[in-house]
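*Asks:* Submitted below is the structure of interest, expressed as structure tokens.
The values are calculated or read from the model by the stated rules, or taken from the named source; none is laboratory data. Remember, it's a predicted structure, so these values are computed and weren't measured experimentally. Here the Cβ positions follow ideal geometry from the backbone for every residue, glycine too, while neighbour counts run over all protein chains shown. With ligands, DNA and RNA removed, areas are computed over all heavy atoms of the protein, side chains included. Shrake-Rupley method; radii C 1.70, N 1.55, O 1.52, S 1.80 Å.
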Amino acid sequence: MPELPEVETIKNTVEELVKGKTIKEVIVRNDSTIVNEKTFFVEKLKNVTILNLSRKGKFIIFHFDNKLVLISHLRMEGKYYFYKEKPKQFKTHDLVIFEFSDGSTLIYNDTRHFGKMEIEKEDDYLTKAPLINVGPDPFLIDDSNIKLIYEKLRKSKQCIKVTLLDQSIMSGLGNIYVDEVLFTTKIHPKEPSFNISFEQFKDILYESRRILTKAIKAHGSTIKSYHPSLNQSGSFQNELLVYGKENARCPNCHHRFNKIKVGGRGTTYCAHCQRASNEPYIVGLTGKIAAGKSTIAKIFISKGFTYIDCDKIVHQLYEKEDIKNILVKNFGDGILHNGQLNRAQLAELIFKSQKNNDKLKKLIHPLVREKVFDEIAARKNDKFIVEVPFIFESGIDKICNYIIYVDVSKKKQLANLLARGSNVENMQKLDAIQQCEQNLSVADYVIQNNCDFETTNRKIIQLIDALHL
């Protein structure tokens, strides 16, 4: 849906093209676009001159010389196209045509047919629906009304993203620009609105004005099908910092952007920079087998972190009868020995076949992820260290504020495996299917754990202090 910069750009573009023109004829090709009775709409616009255009929120208002206004909302796909001469043939989704006395034509085109137009009187159109329900946009909030708007925001029971999308409180911000504003103010999109301080609200206003001003100068963001006019596009999408950049790196901390659903809307944010006061801080710990992850986890535990071991969760799942039955159904009863899961046999199956490996991940990863979420939700502790070998493949990375990858040299890894008495060949095979190089490249921080414990301990404590954990 076009947002304030896009609507402002369209308003300015159309005004420049049609201001002072007299409407000769109106053709309505889709009755549902018009809120008024069709005959009334057409007759009231004949032989009237357009004085100027204005905007309130995402509504465009045409002002005429007969003391009437036309209120237009573009909704999802509405566009205005101007032609110096009337087209010989209209397009399928040309819904309302305004023919001017000089032969030029303005066409409202809408592929989704969601847009609406209605005529109201100039003297009272702002005091009735739909515009009476539209709050002021950020440019119209000043010392005279800022506290009133802030109190409305604070009274909302929704999270801040949903509240900022509510056009009755403050208008003009849609999904794109809310993500951008919350990122630059370092506010988590799920932060409850009642937790937003007055200083934070002033920051939101400042960033809203700054970002919207830049977007208007760039003629908006051409996302999907938005165009301010025929054969024109906006360019602000090239300056977006967070919207639509899932898995890209945060320019501030280099953490990967996450994407979640907030109020049914796709929402991109930085889990490291945009911390929510009501949500736990989660550090994900992953890396090569026998790299010393558990040792590093103990350092976090000593600093007050609650430890969640995903290997332990997997072991517990494998002991459940319903899980064993699912595994037998998918891999055969050869994976059982005396009624217990033979993990070595299951490992052989996944080493031999990528298909089996993918099948096991598809079965187990959602269960592990659900268990991790449940453990976090059940505890009041606000800091967690979660050790997850397959952190990215399982999707647990999506809830992590920070991800540490523990790397180790082959020589040190082999020594660690031998010291444990592990099956070196099987462990190295398992290591090979963990996409180590790819995971290392996307982690936030890499620990090269080839040194003694004291050195590693010092590294981790320095990292915890640097991250203010």
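*Asks:* Roughly how tilted is helix 293-302, in degrees to the nearest 10 and between 0 and 90, from the longest Cα axis of the chain?
*Replies:* With both axes taken from Cα atoms, the answer is about 70 degrees.
*Asks:* Over the alpha-carbon set of the chain, work out the extent along each principal axis and list the three values in angstrom, largest first.
*Replies:* Rounded to whole Å, the extents work out to 92, 51, 36 Å.
*Asks:* If only Cα atoms are counted, what is the Rg of segment 43-112, and what is its Dmax, in Å?
*Replies:* 12.6, 35
*Asks:* Related question: For the chain, give the percent of accessible area contributed by carbon and sulfur heavy atoms, probe 1.4 Å, rounded to a whole number.
*Replies:* Details: 11170 of 22610 Å².
Carbon and sulfur: 49 percent of the exposed surface of the chain.
*Asks:* Quote the FRET efficiency, to the nearest 0.05, computed for PHE198 versus ALA378 with a Förster distance R0 of 51 Å and r equal to the Cβ-Cβ distance.
*Replies:* Numbers: r = 34 Å, r/R0 = 0.67.
Plugging the Cβ-Cβ distance into 1/(1 + (r/R0)^6) gives 0.90.
*Asks:* More than 17 angstrom separation, counting every C-alpha pair in segment 86-156; what % is that?
*Replies:* Numbers: 1664 of 2485 pairs.
In whole percent, the long-distance tail amounts to 67.
*Asks:* Further question on the same structure: Quick check: convex hull of the Cα atoms in segment 271-364, volume per residue, rounded to a whole Å³? Walk me through the numbers before you get to the answer.
*Replies:* On the way: hull volume 15.2 nm³, N = 94.
About 161 Å³ per residue, rounded to a whole number.
*Asks:* Right, here's the next one. Rank-order 284-291, 261-268 by packing density, defined as the average count of other C-beta atoms within 10 Å over each peptide's residues, highest first.
*Replies:* Numbers: 284-291: 25.5, 261-268: 15.8.
Sorting 284-291, 261-268 by mean packing, highest first, produces 284-291, 261-268.
*Asks:* Just the number, please: Stokes-Einstein D of segment 3-83 in µm²/s, Kirkwood Rh from C-alpha pairs, 25 °C, 0.890 mPa s.
*Replies:* Working: Rh = 13.3 Å.
Calculated translational D: 184 µm²/s.
*Asks:* Among 447-456, 405-414, what's the highest-first ranking by average C-beta atoms within 10 angstrom per residue?
*Replies:* Numbers: 447-456: 14.7, 405-414: 17.6.
The most tightly packed comes first, giving 405-414, 447-456.
*Asks:* Now for a different question. Once the Cα atoms of helix 410-420 and of the chain are each reduced to a long axis, what angle between those two axes, in degrees from 0 to 90 to the nearest 10, is obtained?
*Replies:* 60
*Asks:* Tell me the per residue accessible area of the chain using a 1.4 Å probe; a whole number in Å² is fine. Let's see the in-between values first.
*Replies:* Values: 22610 Å² over 469 residues.
Value returned for the chain: 48 Å² of accessible area per residue.
*Asks:* Turning to a different aspect of this structure: At LYS157 and LYS186, where each label point lies 7 Å from the Cα along Cα→Cβ, what is the point-to-point distance in nanometres?
*Replies:* 3.2
*Asks:* A further question on this structure: Report the equivalent ellipsoid semi-axes for segment 313-401 in whole Å, largest first, defined as the square roots of five times the eigenvalues of the gyration tensor built from alpha carbon atoms. All intermediate terms of the calculation are to be shown ahead of the outcome.
*Replies:* Numbers: eigenvalues 145, 46, 19 Å².
They are 27, 15, 10 Å, listed from largest to smallest.
*Asks:* What FRET efficiency do you get for ASN338 and LEU367 if R0 is 22 Å and r is their Cβ-Cβ distance, rounded to the nearest 0.05?
*Replies:* Details: r = 24 Å, r/R0 = 1.08.
It comes out at approximately 0.40.
*Asks:* Between segment 17-58 and segment 94-132, what is the C-alpha centre distance in whole Å?
*Replies:* The two parts, judged by their Cα centres, are 5 Å apart.
*Asks:* Here's another thing I want to ask about it. For segment 161-170, take each phi angle, set θ = phi - 60°, evaluate the Karplus expression 6.51 cos²θ - 1.76 cosθ + 1.60, and give the result in whole Hz per residue in order, putting x for glycine and proline.
*Replies:* Using θ = phi - 60°, the values come out as 5, 4, 5, 5, 7, 6, 5, 7, 8, 9 Hz.
*Asks:* Angle check, please: helix 354-378 long axis (alpha carbons) against the longest principal axis of the chain (alpha carbons), in degrees 0 to 90, nearest 10.
*Replies:* Rounded to the nearest ten degrees, it is 80.
*Asks:* Right, something else. Tell me, what ³J(HN,Hα) does each residue in segment 324-331 have, in order and in whole Hz, if you take phi through Karplus 6.51 cos²θ - 1.76 cosθ + 1.60 with θ = phi - 60° and put x for Gly and Pro?
*Replies:* Here the 3J(HN,Hα) series is 4, 5, 5, 5, 4, 4, 8, 10 Hz.
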